[in-house]
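So the structure is just underneath, and the comments pick up after that.
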Amino acid sequence: MGPTPTLKLTKAKLPLEGRWQESDLLIGEGRILAVGDLTGVPVDETWDLSGRLLLPGAVDPHVHLDDPGFTWREDFASGTASAALGGVTTVIDMPETSLPNCRTPQGLLAKWEAVRGKAWVDYAFWGGVTGEEVQNGSYSETMTALALLGVVGFKVYGVSGMETYPRVSSGEMRAVMAKAAQLGLPVAFHAEDRDIIEESLRGVRQSGGIGWRDYLNSRPAAAEWVAVASALQLARETGAHLHIVHVSSGVGVELIAEAKAKGLPVSAETCPQYLLLTEQDFIHWGARMKTIPPVRTQWDQEMLWQGLRDGVLDFAATDHASCRYPEEKETPNFFDAYAGIPGLQTFLPLIWEEGYVKGRLSLERFLAVTGRRAAELYGLSPRKGRLAVGADADLIVLDPRARWNIRAEDLVSKGQYTPFAGREICGRIEKVLVRGRIAGLEGEKAKEPSGDWVKRR
Ligand SMILES: [Zn+2]
């Protein structure tokens with residue numbers, strides 16, 4: 001088998017051709033070398049995984065790891081450690097929650113300098129582009145340069161969440177999409193309409209509201225609906241691939257379904273918070289579940305599950321965004337509370353339990369929504385997102401009978417809070433491998449981080 005050590009995983013059940021099948025799996029040089037009956041094949045090491053399931057590592061294509069610039073909230077080490085323990089073996093980091101932003105090649109390379117060597121799992125980067133680059137005419141050049149550096153696509157905001165990362169107007173969005181179409185890269189869009197939000201906010205401010213209900217009223221589903229509808233028309237005109245991040249509303253799902261039926265180049269994601277919480281949960285969780293956009297109604301939640309099940313929503317993502325708790329969350333005015341949940345460590349367990357175990361998702365859909373589809377869309381396939389010969393040996397060993405409960409104090413993220421605390425999960429992650437090396441073991445991270453930058457192919 002060559003000079004590099006080989007590892008055989010034996011007696012586990014693997015998801016092959018849509019069902020669980022017992023099979024051996026051989027790892028060497030960080031890749032899956034063979035899947036099948038490997039009795040008698042000489043190897044350096046063998047793990048007996050009787051009673052265990054072997055899953056492909058998850059890909060979380062939407063995380064904010066805050067490094068460099070906001071590292072009191074999260075950094076690459078803490079964020080990727082929580083990924084490793086949660087079974088996420090590749091993260092794709094957003095361009096706006098770091099300083100400098102990743103909207104120039106210099107910004108991206110500065111980020112890489114700051115984070116290299118700190119990651120417990122593999123990572124890719126989103127490129128950034130804002131209204132500023134369109135206004136000063138530099139966007140065409142910066143987008144081309146970022147594409148050459150291997151970003152997976154470009155993130156734009158209809159309503160900015162960060163002062164350091166301005167929004168795009170519809171006109172600026174149109175220019176960005178035309179350029180992205182030329183480059184053949186997707187545009188990930190934070191779909192909230194600024195005019196609707198500003199007007200809603202004005203009404204809330206006049207009434208003096210400072211609670212969670214006021215916050216919800218300030219970010220209505222209509223803002224998502226209008227933004228998605230307008231972006232879809234720009235995708236149609238420019239031919240650019242439009243990706244709608246963190247879809248929160250049933251109307252959003254309906255619009256995306258119609259666009260897909262017409263053959264428009266569109267994809268979409270939603271997050272565990274929208275799938276598992278409704279606005280009633282604010283009574284208990286308060287700002288711990290504050291996100292942008294906010295969690296909505298039971299009807300929205302049902303539409304999102306349906307969308308994820310039938311493929312209108314391509315995959316799930318965390319929108320992982322951590323902060324110092326309780327200082328940045330438990331503020332007297334709900335509007336001042338930081339918006340974001342540290343979701344990396346609970347992502348795969350939650351989709352496993354609530355999606356696959358509870359029967360909302362087939363095994364095939366579970367695998368697609370937790371990694372395969374995102375890896376394909378963002379040019380990380382065939383290395384990432386698959387359990388198959390030739391793919392990176394990014395694997396999860398799971399004991400399907402072990403039950404455990406999510407606890408905030410078990411998170412290794414800097415943000416020690418989660419609105420999923422107390423939920424019971426049937427299936428415990430025992431080992432996580434990244435390119436054949438142990439990244440997480442029995443809830444402890446490995447001794448040395450060995451994550452690498454994975455570029456779009
Ligand atoms: Zn985000």
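Laid out as a table, the results:
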quantity	calculated
Dmax and Rg, reported as Rg then Dmax, of the stretch 386-457 (C-alpha, Å)	14.6, 40
The chain - percent relative contact order, Cα under 8 Å, separation 6 or more	21
Within straight-line cross-link reach of K329, lysines at Cα separation under 16 Å, skipping those fewer than 8 residues along the same chain	K290, K414
The chain: angle of helix 250-261 to the longest principal axis, Cα-based, in degrees nearest 10	70
Tail beyond 19 Å, pair distance distribution of the stretch 227-368 (Cα, percent)	54
Inter-part distance where the stretch 4-34 and the stretch 134-213 are each reduced to a Cα centre, Å	42
Under 5 Å, built H, 5+ apart or other chain: amide partners of A34	L26
C-alpha long axis of helix 221-238 to longest principal axis of the chain, angle in °	80
For R423, net neighbour charge (Lys/Arg +1, Asp/Glu -1) across residues whose Cβ lies under 9 Å away	-3
Principal semi-axes in Å for the chain [√(5λ), Cα gyration tensor, largest first]	35, 25, 21
The stretch 321-431 - convex hull of the alpha-carbon atoms, volume per residue in Å³	137
Antiparallel DSSP beta bridges within the stretch 57-377, percent to nearest 5	5
Cα long-axis angle, helix 194-207 against the chain (0 to 90 degrees, to the nearest 10)	70
Net charge of neighbours whose Cβ lies under 14 Å from the Cβ of T331, counting Lys and Arg as +1 and Asp and Glu as -1	-1
A229/R116 FRET efficiency (R0 56 Å; Cβ-Cβ; nearest 0.05)	0.85
Hydrodynamic radius (Kirkwood) for the stretch 136-237, which is based on Cα pairs only, to one decimal in Å	15.0
Helix-only CD estimate at 222 nm, as mean residue ellipticity for the chain, using -39500 (n - 2.57) per DSSP H run (n ≥ 4)	-9000 deg cm²/dmol
Violating pairs (Cα-Cα greater than 24 angstrom) within the set K260/K455; K262/K384; K118/K455; K118/K384; K155/K179	K260/K455; K262/K384
Cα-based shape type of the stretch 188-306, given that a ≥ b ≥ c are square roots of the gyration tensor eigenvalues and the cut on a/c is 1.5	oblate
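Laboratory data are not the source of any read-out in this text; all were calculated from the coordinates shown. If you're wondering where the values come from, they're calculated on a predicted model, not measured in any experiment. Note that we place each Cβ from the backbone using ideal geometry, even for glycine, and neighbour counts take in every protein chain shown.
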